[in-house]
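The values are calculated or read from the model by the stated rules, or taken from the named source; none is laboratory data. These numbers come from a predicted model, not from an experiment. Cβ placement follows ideal geometry from the backbone for every residue including glycine, while neighbour counts extend to all protein chains displayed.
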Amino acid sequence: MKQTSDPRHRKRITAMKILFSQSFTKLKPRMLPEGYQEIQPNLEYIDKLIEKAAPQFPLVKIAKIDVAILRLAIYELCVKKNQPPKVIIDEAIELGKEFGSDKSPAFINGVLGTIYKDNYGNPN
């Protein structure tokens, strides 16, 4: 379990909350924490990865909090690439447990697992 005092965990929570709030408003994007400013310009790419990894779930049908967590994790996994993939996936699952529904962790794990396999090969 991640420590709430971990600054990386707090930054991820802040970024996830901003991404979540942006799904309800058309206002200018709020400033994302340092290291996450490039999420917005990559949203189209990130959303296509989500749609490809979970074709049976249109983006508009996925819970907004799960979309925010996935966007953050996919940004870190496929764009930023400064952490080991397993760390990013584990953190996203933890955020799903903390903020999502009972089904969020499994869904997030499935989507990110598919993206991981497509981009990094077989994890076994």
Quiz item: If we keep just the residues of the range 1-32 that are closer than 13 Å to Glu94 by Cα and hydrophobic (A, V, I, L, M, F, W, C), which is modelled with the lowest pLDDT?
Solution: Met1
Self-check item: the range 20-70: number of residues that are hydroxyl-bearing (Ser, Thr, Tyr) and within 19 Å of Arg8 (Cα to Cα)
Solution: 1
Exercise. May I ask you to list the residues in the range 105-117 that are surrounded by fewer than 22 Cβ atoms within 10 Å (Cβ to Cβ), touching a residue at least 40 places away in the same chain (Cβ under 8 Å) and within 21 Å of Ser21 (Cα to Cα)?
Key: Phe107
